[in-house]
Amino acid sequence: MDDDTEITSESWFSRIADSIKGMLFGFILFVIAFPLLWWNEGHSVERYHSLQEGQGVVISVPATAVG
């Protein structure tokens with residue numbers, strides 16, 4: 001049986017460096033999330049106000065009056 005197994009090892013410093021990179025990437029995502037959330041909520045408020053304005057302009061007509 002031909003068993004081609006390759007064993008590699010990673011140094012302690014390399015593992016620490018990878019962990020720090022992951023932490024930095026997570027922190028960057030965390031920081032970017034706040035402006036995106038602010039922007040999205042602002043658009044939600046604008047949409048709410050537009051819908052409220054549209055609702056105030058609409059005139060309800062009973063279905064029996066049409067036709």
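The values are calculated or read from the model by the stated rules, or taken from the named source; none is laboratory data. None of the values given here were measured: they were computed from a predicted structure. Virtual Cβ from ideal backbone geometry, glycine too; neighbours counted across all protein chains shown.
Points worth noting:
- Flag if Gly56 is at pLDDT 95 or above and part of a helix (DSSP H, G or I): no
- The number of residues in segment 4-39 that are among the polar types (S, T, N, Q) and surrounded by fewer than 10 Cβ atoms within 10 Å (Cβ to Cβ) comes to 4.
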